[in-house]
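Down below is the structure, laid out as structure tokens.
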Amino acid sequence: MSRNRAFRLLKDARLRASATSVGGTSSRVGQTVTRSADLASAHPEGVRHVSLQIVQQRMKSVSNIQKITKAMKMVAASRLKPAQDKAIASRGMVTPFYKLLGDLPGAETAKTLMVPISSDKGLCGGINGNVVKVSNVLLETAKDKESEISMDVIGDKARGLMQRQVGELFANVLVDATKQPLTFGTASALAEQVAKDNEGKALIVYNRFVSAISFKPTIATVLSGEEYEKSAENLENKFDSYEVEGPDRGEFLLDLAEFKTGAVMYNALAENNTSELGSRMQSMESSSKNASEMLQKLTLLYNRTRQAAITTELIEIISGASALEDAK
Amino acid sequence: MSAAANSAAYWRIAGMSYLKYANACAEIVRGALKEPHLSKARARDAVYFKATKYVKGSPEAAVITEVIPAEIPK
């Protein structure tokens, strides 16, 4: 249930309680009843107070939800630290590639492969939405430059969010990689698919982990082997300033492009996973807070209503008794 | 040309990509470890994901790729 709706329900319930306690007519009660279906059933025409049983049920369900959100927060918090270490360690793998081959998100290529990375599970705040937003902007830019676009989507959430609008651009969808702890093997299996589909440049969009409360949507660019060769010829990267032993430049750059895809993918998955945990921790904390606020208000409502019912019954008994006394 | 370069050509001819080759090598290196490092490293052999190919916006059958780390003989 959304927070706003819950609060509206509470407001209605309180309004009704106050309307009846000052002797409001049932017609006014009837008006408010139509606005909220849940508590309305507990509050039929002519009944003065909100049903205690229903409030009690609501309190129970709210506290159960709070237990779940608290547990989810604890789980995310305990997984965060190892994931963070992994992500930060993996940065050391990609920086040398950027130093050697450069980061060229604006490289003009005939074909562009978009790779939005998202989580497989929800309830983790806005991180997946951010990736999708950035990807959509990149798609527009690529369309303007008349580059042919295809997409390899990683993670179930981005698939769900993007399928309706740009589903026809999908080439491959890779999900459930987060089911097991991330390994370089998994990352490189995904990267292999990406490298296969990459016939120009691949733009990998993910959330870079900054701190437990801050994640930056980031674009990592990987060119194909041929594009790296072109940019080496145009002196856009420093490859030719090194003396290397081994196969010719084309083959070497092909190997490097593939390995870079793997390294970038590993880094991006690790960072995104860490951001997911951080974001989940944060959103579950605020959910728990909302639940406890709600519980407080419901408890107040419950106690007030109970008190009001007792008072009314007492008045009835006393006035009945005094009426009998008068009759004597 | 160095030996590494020659072998690089061979695995390309055999249809392997660099990443496949690198991972195959890594698996062998991990397998050469001794306990207690072996069981820790073996866990990193694991691969799991589900791939679905899309043609014109509609999904085809999903393919699950799973590599379960080999059991360590006692």
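Structure notes:
- Sole exception among (1) more than 24 Å from A:Lys67 (Cα to Cα); (2) of a type in the set (Gly, Ala, Ser); (3) touching a Lys or Arg at 6+ places or on another chain (Cβ under 9 Å) for A:Ala263, by number: (3)
- Selection of the range A:224-245 for residues being within 14 Å of chain B (Cβ to nearest Cβ) and assigned to a helix (DSSP H, G or I) yields A:Gly225, A:Tyr228.
- Boolean, A:Asp85 is acidic (Asp, Glu) and part of a loop (DSSP other than H, G, I, E, B): no
- Beta carbons closer than 8 Å, at least 6 apart along the sequence or on distinct chains, never pair a first residue in the range A:61-78 that is outside any helix (DSSP H, G or I) with a second that is exposed (fewer than 14 other Cβ atoms within 10 Å of the Cβ).
- Here the strands (runs of 3 or more DSSP E) wholly within the range A:106-223 that include at least 2 residues being in contact with a helix residue (DSSP H, G or I) (Cβ under 8 Å, 6 or more places away or on another chain), basic (Lys, Arg) and more than 14 Å from every other protein chain (Cβ to nearest Cβ) are A:201-211.
- Number of the exception - A:Ala202 against (1) surrounded by 23 or more Cβ atoms within 10 Å (Cβ to Cβ); (2) farther than 14 Å from A:Ile219 by Cα; (3) touching a residue at least 40 places away in the same chain (Cβ under 8 Å): (2)
- Complete set of residues in the range B:23-44 that are at pLDDT 90 or above and either facing chain A (nearest Cβ under 7 Å) or within 23 Å of A:Asp120 (Cβ to Cβ) (or both): B:Asn23
- Matching residues, the range B:45-63, being closer than 25 Å to B:Tyr21 by Cα and within 7 Å of chain A (Cβ to nearest Cβ): B:Asp45, B:Ala46, B:Val47, B:Tyr48, B:Phe49, B:Lys50, B:Ala51, B:Thr52, B:Lys53
- Selected residue [under 15 Å from A:Leu100 (Cβ atoms) and crowded, with 22+ Cβ neighbours inside 10 Å] from A:Leu253, A:Leu277, A:Leu235: A:Leu253
- Residue within the range A:121-135 that is free of Cβ contacts under 8 Å to residues at least 12 places away in the same chain, assigned by TED's automatic domain parsing to the domain that holds A:Ala220 and either more than 17 Å from A:Val194 (Cβ to Cβ) or among the β-branched types (Val, Ile, Thr) (or both) present: no
- Contact map, the range A:248-270: residues that are more than 10 Å from chain B (Cβ to nearest Cβ) paired with residues that are of a type in the set (D, E, K, R), Cβ distance under 6 Å, separation 6+ or inter-chain. Pairs shown: A:Gly250/A:Glu229; A:Leu253/A:Glu229; A:Ala270/A:Lys86.
The values are calculated or read from the model by the stated rules, or taken from the named source; none is laboratory data. Since the structure is predicted, the reported quantities are computational estimates derived from the model, not experimental observations. Note: ideal-geometry Cβ built from the backbone for every residue, glycine included; neighbour counts use all protein chains shown.
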